[in-house]
Ligand code: BGC
């Protein structure tokens, strides 16, 4: 059994024990399973670089190469990727000087998650207006500032200054934006509100993470986010990106690819999904999409746990005679439940009991607590091991035998066991000799949507535009 501790289940009734064993059979993924998933991801990464594409979008970001350390200037950055908007004013003064960063966060109201496009963009523009008003209240005719827009959703880019939204992921769902250029829409809103900002770069959070982390650590080859969503970016050689139209670049010129591998296995052929994964997908804001992401990312782990809790309850194996009305509410459990539960190593599982009481109004029996704690570990372990497959696949695709991976996001930062479990899975998938050091290591990333986005803006301003994508071939039926 991978990373699970059967002693956690000591003393629980036999019928409950049997049910947990069945769950284990579908949730535990051994080394061969991980290798199979990884090899399929490698194939899809390759397909995604071709004109016809595959499950994984492999979006060309037009971020050309790593920063030199000479990037300078003042940039605004705006990060839109989850529940908050983050606006920063970043001053870069070269690698040997420290970066100055001034920031504010604004919560995206829930009603905007399904709003009209103009309502969404007007809100975003208003936050930027308030930020600038607060920082520069007296300037009559302020100079237009270059703005890097970190938009953490899949887009098709023909340059670094545009991006057509392929589809929404996570919780946002504003249909009018799909198929449209998000830069044009946001810039129009900024102009309507007379916000003195000019979008010079559209950035994905993973690309920002890659660039920010590589700025100080040349061993960084992959930037990854494991938070509400899950994704990674890396540098690919121009010569391997078949879908870029001929442009005058040497074959080994590096271009950052935002893999968007959260979409891996949307055809549902490879991943060992359980009935809980299937139900979670059906109940999610974007059914049928982001199938891999839904097995690993923070937006979904709590919900998966809730679905299992409910089923065990209805089978009489958990929270017997308890009022489960709160547990019936979708998304009532978030990832913090898992992190707190796993951190509870007390014999009586005191913290977990408190958590059940506060969040779910449940007063669990000691055996229930053991089962909950065990299930949390089962889900968290599967997530970390599958997460490692994406990273291992990029390493295999690019032939990186040794490298650093810059990782950001709440799941990595607040779930202490996650990194350790993912490293163990890398060891198994990449066949490192037992007892040897880790060759691919995870590192807490530098600030991707602030510093990384500003660096990308500086690179974009310096280099100007380049290249186009080949039109996708028509599929003959
Ligand atoms: C998005 C990616 C993003 C990731 C992490 C996914 O849902 O599609 O663009 O990088 O979440 O934020």
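If the segment from residue 114 to residue 126 were pulled out straight at 0.36 nm per residue, it would be longer than the present Cα-Cα gap by 2.5 nm.
Starting from the eigenvalues of the Cα gyration tensor, five times each then square-rooted, give me the equivalent ellipsoid semi-axes of the chain, largest first, whole Å.
Working: eigenvalues 303, 138, 88 Å².
Computed over the chain, the values are 39, 26, 21 Å.
Across the chain, C-alpha contacts under 8 Å between residues 6 or more apart give a mean separation that, scaled by the residue count, equals a relative contact order of 23 percent.
R0 = 35 Å: FRET efficiency of residue 136 with residue 286, Cβ-based, nearest 0.05?
0.35
Three principal axis extents of the stretch 50-109 based on alpha-carbon atoms, in descending order, are 44, 38, 13 Å.
Once the Cα atoms are used to define both axes, helix 366-398 deviates from the longest principal axis of the chain by about 40 degrees. A full extension of the chain between residue 468 and residue 84 corresponds to an added length of 135.0 nm, given 0.36 nm per residue minus the alpha carbon distance.
Let me know the shape class of the stretch 281-409, please: from the alpha-carbon gyration tensor, a ≥ b ≥ c as square roots of the eigenvalues, rounded when a/c is under 1.5, otherwise prolate if a/b is greater than b/c, or oblate. Judged from the Cα gyration tensor, the stretch 281-409 comes out prolate (a/c at least 1.5, a/b above b/c). Potential lengthening of the chain between residue 315 and residue 461 amounts to 46.5 nm, from the contour at 0.36 nm per residue minus the alpha-carbon distance. Judged by the mean number of other Cβ atoms found within 10 Å, the most tightly packed of the peptides 423-430, 91-98 leads the ranking 423-430, 91-98.
Exposure proxy check: 259, 38 ranked by fewest other beta carbons within 10 Å?
Numbers: 259 30, 38 24.
With the fewest neighbours first, 259, 38 line up as 38, 259.
Placing pseudo-labels 7 Å out from each Cα toward the beta carbon at residue 193 and residue 279 gives an inter-label distance of 4.2 nm. Listed from fewest to most Cβ neighbours within 10 Å, the set 222, 143, 340 follows the order 143, 340, 222.
Suppose R0 equals 45 Å; then what is the FRET efficiency for residue 105 and residue 180 from their Cβ-Cβ distance, rounded to the nearest 0.05?
Working: r = 26 Å, r/R0 = 0.58.
So the FRET efficiency works out to roughly 0.95.
Classify the stretch 218-280: rounded, prolate or oblate, from the alpha-carbon gyration tensor (a ≥ b ≥ c, eigenvalue square roots; a/c under 1.5 rounded; otherwise prolate if a/b is larger than b/c)? Could you put the intermediate results ahead of the total?
Values: a/c = 3.75, a/b = 2.01, b/c = 1.87.
Here the stretch 218-280 falls in the prolate category.
With the Kirkwood sum run over all distinct C-alpha pairs, the stretch 1-138 has a hydrodynamic radius of 21.1 Å. Quick check for you: which residues of the stretch 4-48 have the amide N under 11 Å from the point 7 Å beyond the Cα of residue 365 toward its beta carbon? Output list for this probe position: 12-16.
Taking the longest Cα principal axis of the chain as reference, the axis of helix 14-27 is set at about 30 degrees.
Kirkwood analysis of the stretch 11-64, using all unique Cα-Cα pairs, places the hydrodynamic radius at 14.5 Å.
Once the Cβ-Cβ distance between residue 269 and residue 156 is put in as r, and R0 is 30 Å, what FRET efficiency do you end up with, to the nearest 0.05? Intermediate values should be presented prior to the final figure.
On the way: r = 25 Å, r/R0 = 0.82.
Efficiency at R0 = 30 Å is approximately 0.75.
Structural descriptor for the stretch 129-264: relative contact order 20 percent, calculated from alpha carbon pairs under 8 angstrom and at least 6 residues apart.
Taking the fewest neighbouring Cβ atoms within 10 Å as the starting point, the ordered list for 245, 71, 43, 347 is 347, 245, 43, 71. Principal semi-axes of the equivalent ellipsoid, √(5λ) from the alpha carbon gyration tensor of the stretch 244-307, are 34, 12, 10 Å from largest down. If a/c stays under 1.5 just call it rounded; otherwise compare a/b with b/c (prolate if a/b is bigger, oblate if not). Do that for the stretch 83-227, with a ≥ b ≥ c from the square roots of the Cα gyration tensor eigenvalues. Because a/c hits 1.5 or more and a/b fails to exceed b/c, the stretch 83-227 counts as oblate. Extending 7 Å from Cα along the Cβ direction at residue 72 and again at residue 402 yields two label points whose distance is 3.6 nm.
Values in this text are rule-based calculations from the coordinates and carry no lab data. In this text, all values refer to a predicted model and were calculated from it rather than measured experimentally. Cβ sites come from the backbone with ideal geometry, for glycine too, and all protein chains shown count toward neighbours.
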